[in-house]
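Presented below is the structure to which this report refers.
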């Protein structure tokens, strides 16, 4: 997407992420496939604070590398995803989560879509009831119905 | 979508929603003029600074801990020899080091000690004390994500203020100085 | 050629666009045929000057004219020639010029195809509206983003095009994406023209439909190209990240998909007139919004914007005028638009209305999530990130009813569906989908999501196949698959293919970051990746460290991959993944850094079915294009009495016909 080049233009200006190559390749010694999957899933849902348009999984910023290492270590210590997230939030605020927790400030975010859906569904129901009234003669298309 | 024929006001709904959206954009543009989106407020404000135990830059066998610095307010300035913006900030620190009225502790972040020493020798040393964090692990506890960053910590070891990015005379006059004065009056 | 000529061409184009907006609309208002007759000439004139400006900028790149600041920033003596040409749209100013050129292409195409076929008054208004759109954009370019600004002193060499952009993806992605974005301006112009003229019959919808379909097809292709590009250029193996800039292109796509169906209802059943008008406005509004969000730097970063605050303000004002004005016009004029044929609850109309609802709500959801961080900042309630864990599940939930309804839409009749057909279809679709789910389970899919995905994909595809069989049996030879229907079938089948690709890739991919010494082998999935080492290779404007990896399965070599790590002359480092692409799987290697002891870090992927994601997109695009060929959209040269008018509808005003007389 264009985000890639926009990101890079911004990065070039900031001179923070630009020096590093684009791909974050980080061979960490996972115990098994499940742990690797868990790690990839978790870091994919966390935001890099330096290259802010990238996840911790994708970013090659030094900061992201270090946090990946930390998260990996915490996983080896048997910490749960929630513990790791809490640990990060205590240091970097909920900004680091791509999944904003439900809070007074995010009520509109999480309930906005259901609300819009309800309103839209209401309008559709009104429309359908009016247009499908049995009193209206239903015009069927004769012949080739297309 | 037909009921609007009865009450045409319904036809104005899209316009009103759009107007609200534009209003948000205006606020956003104004906000953008005065803020840098990269700077995320720290959750550690008004919370105790993390415990740390870090070696001195000059005498790496000696360690400085949080407890050593308790008792009076101080500033921690995160810097590194590899950090471009720190070079921009440096002259400001040199000019203000004695005007702050409280100690300025340098926090050398993910840097080779010899590089940091050479950097301070070349440009001048504005710090009353320099500690080093080569691994950057302690810095994570502080929520550091980009040098330079500056923390104001009070006599009880509580973080009272954090600035991300280079300190400028403007930031010092408008934000940092009043916070320092408030701490001094409080104690 | 002189860059100043380009600037003059832009200024002349601006003047012509002003005239193109004013004269035909005044002409239509006053009933002046000579004024209306200026529309085609002005549109073509504007096109000539914008094309001239574009050609001059391209020439400046071709001849390495670094006295032009834009060229100096985005080109380099060593840049290969094709990237020199595509660098024209490699940054802000040039991509705006491309946007303009494409708007002119659409306008000229409209003149060529419909210029003599539409009622003159209506056509004049359409061209006038497009002139207004062009005027704002040209003014914006000239005032804030002139690509022809000179640089002094002239540098000996340019700074080079950003390496990420030195990729075949860039050659195609922005032009196709813009073809889609800007293409929605045609449906928009038709809608506004009908509102302006009080032409409330929905005849215009049939004229607009092919254009909407083509625009949507291009937008699909643009998104597919961008997604594929991100996949191999960014190297994290993902193909969609719900990034604000991706969302900006996805929102008009969702609205476009809704609009295509709403237009069909309005065209054939005369229903949803007001909704079709509104969606036509929204489609283009979201295209502009996308441009605004990306170009103002409001969401991604302040920095693109902080350098030139005037840009963000200008686009916002433009957006407010164009969209606000259109919605005001809608509010004032649209109440007159009512009517349409009645239909039963069980009918194709109902299903399409539900589809429209879900697509529109999905668009609203994406908008909410994209803008919410901004709201948080503006209201000072803290910085919030909204990302994939928000968008993904919500999108899935919203699309579920749509996917469920998809097989039944085509199988239903207009007005009133045959419930017997539904029942038979339901039994077969359920049987096929469940069978697929069971087969998936036997093969090894275990997670609930995977099984759901396989079932959904088969559900959709089976629906299309069943419809095809039904037509084959029931319709007379030669009339079995009109192009409009064929387009629908392609696009719907594409959705099924896409779902299959998205789900299977997600569950079956194996991704590993490994450190390898030359001569060592790692097993990923069923494949052995053997690392032969790294050699230095020169490129035109970079030098590369090129890895060599041979991939084998059961001892038989299946691929030889050469991932590169390039250091460009400007000092930027860029990794180039090497991919063995296949219908059923991609083998993917990218090269990281040397990590001591002769070892290198490498990223190795086995990604089954990833091509299906884009294959589905390409089918959807083809669907959009094929529809255009339908006889339904062939217009007679003389616009006098429209055959459509023959349908009895006494209550509808016939202003257009009166104006003609």
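The set of residues in the stretch C:576-592 being crowded, with 20+ Cβ neighbours inside 10 Å, assigned to a strand (DSSP E or B) and within 14 Å of chain A (Cβ to nearest Cβ) consists of C:576, C:578, C:588, C:589, C:590, C:591, C:592.
Listed here are the residues, each with its yes/no results for (1) in the same structural domain as residue C:125 (by TED's automatic domain parsing); (2) buried (at least 23 other Cβ atoms within 10 Å of the Cβ); (3) closer than 18 Å to residue C:90 by Cα.
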{"site": "C:5", "(1), (2), (3)": "yes, no, no"}
{"site": "C:8", "(1), (2), (3)": "yes, no, no"}
{"site": "C:17", "(1), (2), (3)": "yes, yes, no"}
{"site": "C:23", "(1), (2), (3)": "yes, yes, no"}
{"site": "C:36", "(1), (2), (3)": "yes, yes, no"}
{"site": "C:43", "(1), (2), (3)": "yes, yes, no"}
{"site": "C:58", "(1), (2), (3)": "yes, no, yes"}
{"site": "C:67", "(1), (2), (3)": "yes, no, yes"}
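Residues that are more than 15 Å from the chain's Cα centre (by Cα) and modelled with pLDDT of 85 or more within the stretch A:50-67 comprise A:63, A:64, A:65, A:66, A:67, listed in sequence order.
Residue C:88 - would you say it is assigned to a helix (DSSP H, G or I), assigned by TED's automatic domain parsing to the domain that holds residue C:118 and in contact (Cβ under 8 Å) with a residue 60 or more places away in the chain? Taking the combined requirement at face value, the residue does not satisfy it.
Taking the conditions (1) surrounded by 16 or more Cβ atoms within 10 Å (Cβ to Cβ); (2) more than 14 Å from chain A (Cβ to nearest Cβ); (3) in contact (Cβ under 8 Å) with a residue 40 or more places away in the chain in turn, residue B:125 satisfies each one other than (3). Look at residue C:123 and say whether it is over 24 Å from the mean Cα position of the chain (by Cα), more than 26 Å from residue C:67 (Cα to Cα) and either outside any helix (DSSP H, G or I) or in the same structural domain as residue C:34 (by TED's automatic domain parsing) (or both). Yes; evaluated as a whole, the condition is true for this residue. Considering the stretch A:52-88, the residues that are in contact with a helix residue (DSSP H, G or I) (Cβ under 6 Å, 6 or more places away or on another chain) and not in a helix (DSSP H, G or I) include one that is farthest from the other protein chains (Cβ to nearest Cβ), namely A:56.
Please go through the stretch C:384-414 and give me each residue that is within 7 Å of chain A (Cβ to nearest Cβ), buried (at least 19 other Cβ atoms within 10 Å of the Cβ) and more than 23 Å from the chain's Cα centre (by Cα), ordered by number. Hits for the stretch C:384-414 are C:384, C:385, C:414. Looking only at the stretch B:74-110, count how many residues are within 14 Å of chain A (Cβ to nearest Cβ) and farther than 17 Å from residue B:142 by Cα. Counting residues in the stretch B:74-110 that are within 14 Å of chain A (Cβ to nearest Cβ) and farther than 17 Å from residue B:142 by Cα gives 7.
Rundown of residues vs (1) within 12 Å of chain A (Cβ to nearest Cβ); (2) modelled with pLDDT of 85 or more, yes/no style:
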| residue | (1), (2) |
| --- | --- |
| C:290 | yes, no |
| C:324 | no, yes |
| C:350 | yes, yes |
| C:358 | yes, yes |
| C:364 | yes, yes |
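Might you let me know whether the stretch C:435-442 holds any residue that is more than 23 Å from residue C:399 (Cβ to Cβ), exposed (fewer than 11 other Cβ atoms within 10 Å of the Cβ) and modelled with pLDDT under 90? Yes. Among the residues of the stretch B:163-182, those that are within 14 Å of residue B:45 (Cα to Cα) and crowded, with 20+ Cβ neighbours inside 10 Å comprise B:163, B:164.
The values are calculated or read from the model by the stated rules, or taken from the named source; none is laboratory data. Predicted model only: the values in this text are computed from it and were never measured. Virtual Cβ from ideal backbone geometry, glycine too; neighbours counted across all protein chains shown.
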